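*Asks:* After the structure tokens below, expect a handful of questions from me.
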Amino acid sequence: MPRILIVLLVIFGVYVGLRYLFRLALPFLMRYWIKKMGGPGNFNPFQPNHFNPPKKEGEVTIETKPRKNKSKSQEGEYTDFEEIK
């Protein structure tokens, strides 16, 4: 019986220790990986003007979202039903 208790305590101690270690080490590892991935030639979606070419000074552009066309023909025909008793 005491061996099972010791095994459970060791498993719990390893779990708590790894959790604490990852909580301390993970921010440093993430910073390292982000810096490593940010090298030249890599895709960075947060970089401004990544998709749009640079614009000339004084040029004005208006960006709009495409409209969804909802016409009456797509909705179908309305039929008024009456109750029959």
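Read-outs throughout are calculated quantities, based only on the coordinates presented, and are distinct from any laboratory measurement. Keep in mind the model is a prediction, meaning the values are calculated, not measured. All Cβ positions, even for glycine, are placed from backbone atoms using ideal geometry, and neighbour counts span all protein chains on display.
*Asks:* Which aspartates and glutamates, if any, have their Cα less than 20 Å from the Cα of Lys55, not counting same-chain residues under 8 positions apart?
*Replies:* Glu63
*Asks:* Would you tally the net charge around Leu29, using a Cβ to Cβ cut-off of less than 13 Å, leaving Leu29 out, and scoring K and R as +1, D and E as -1? Walk me through the intermediate numbers first.
*Replies:* Working: positive: Arg23, Arg31, Lys35, Lys36; negative: none.
Every neighbour counted, the sum reads +4.
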